[in-house]
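Q: Here it is, the structure, as C-alpha cells.
Taken together, the values in this text are just the output of simple stated rules run on the coordinates, not laboratory data. Because the structure is predicted, anything quoted here is derived from the model rather than measured. Virtual Cβ from ideal backbone geometry, glycine too; neighbours counted across all protein chains shown.
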Ligand code: KMH
Ligand code: ZN
C-alpha cells in the first residue's frame, strides 16, 4: 500500500472570517498557510478565494494571481475549486479553468447543501470534464453521495478518461444533505470505486465532527485524506481549530500511525498523473 496524499482545503466558501478569524482569506495568509502545510506533509491545496471584504469570489484576476503565487512559493499541487459557493453561476464556475490550475474539482451531482442547493446538472458536469480534458487539467471528482460514483462511471464511459489518464475521487462526507460521515458509508463508496477504472484512488473528508471517523476509515480502507478549515472549524469538542496547520499535523500523525506516511509532492504528482515541476 502506498503512502498518503494529504489535501489541505484551507478556506472554502462557507465559513466567515468574522466568525473564524484564523481562516486564511488574503493571498498572503493563503500562501503562508500553503508553505506551512506543505512542510507538515500536505501535497495538494484545494483553493477557494475571497475578495477584499473576505467574501467568496471567482474573480479571474485574483484566481490567476493565486495560482501564480502558490506555484512560486510551494510545490503543492494547486487545485482550484470549480464548485465555488452555492450562489455562483455555472459560467463563473467554468471560467475558473481559465486561471490555469494543474487540478480542479468537478462535482458529480446536485446535492442539498445545508439550507442551499449545490447545483451540478449533467450537462454542466460534462462541460467541466471535457474542458479539463482539452486543457490538461486533472480533475478531482467530488462525491457527496453514493450514486454520484455511478454518475462518474457513466461520465468516464461516455467521455473517456481525464487528462493524465488517472482517476482520483474525493468523498465529501457529512454534508447536511449528502451521505453521512461514517465507516459504513465510506466502505460502500470504496466498494463502488472498484467498478471504476483500475488504479482509481480516493481521498475522503468528513465535515464537522465526522472529520476523525472519516480519516480513520479512509486510512484503513486504503484511501487518502483531505482536511482543512473549509470542512472543520472545531478541533475537538469545545475547542476551535487554531489553524489549518493544526489539522494537517493531526492528519499526518494519523497517516504515520497507519504506516502510510504523507507522500511528498513529487510522489503525489506521480500517483495522480500530474507532471512534476
Ligand atoms: N462550496 C461548496 C458549495 C468544490 O469545491 O468543488 C462546493 C464545494 C465543492 O466546496
Ligand atoms: Zn471546496
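Q: Just check the chain against the gyration tensor rule for me: Cα atoms, a ≥ b ≥ c as the square roots of the eigenvalues, rounded for a/c under 1.5, and otherwise prolate or oblate depending on whether a/b exceeds b/c.
A: Rounded.
Q: Under 8 Å for C-alpha pairs, at least 6 residues apart: give me the relative contact order for the chain, rounded to a whole percent.
A: The value is 23 percent.
Q: While we're here: Is the shape of region 132-215 rounded, prolate or oblate, going by the alpha carbon gyration tensor and its root eigenvalues a ≥ b ≥ c, with a/c under 1.5 for rounded and a/b larger than b/c for prolate?
A: Prolate shape, in that a/c is at least 1.5 and a/b is the bigger ratio.
Q: Let a ≥ b ≥ c be the square roots of the eigenvalues of the Cα gyration tensor of region 160-277; is it rounded (a/c under 1.5), or, if not, prolate (a/b larger than b/c) or oblate?
A: Here region 160-277 falls in the oblate category.
Q: Quote to one decimal, in nm, the extra length available between residue 73 and residue 242 on full extension: 0.36 nm per residue of separation minus the C-alpha distance between them.
A: 58.6 nm
Q: What FRET efficiency comes out for the pair residue 59/residue 234, r = Cβ-Cβ distance, R0 = 41 Å, nearest 0.05?
A: E between residue 59 and residue 234, to the nearest 0.05, is 0.85.
Q: Report, in deg cm²/dmol and to the nearest 500, the calculated mean residue ellipticity at 222 nm for the chain, where each DSSP H run with n ≥ 4 adds -39500 (n - 2.57) and the sum is divided by the residue count.
A: -11500 deg cm²/dmol
Q: Would you please give the FRET efficiency between residue 52 and residue 94, computed as 1/(1 + (r/R0)^6) with r the Cβ-Cβ distance and R0 = 30 Å, to the nearest 0.05?
A: Here the calculated transfer efficiency is 0.80.
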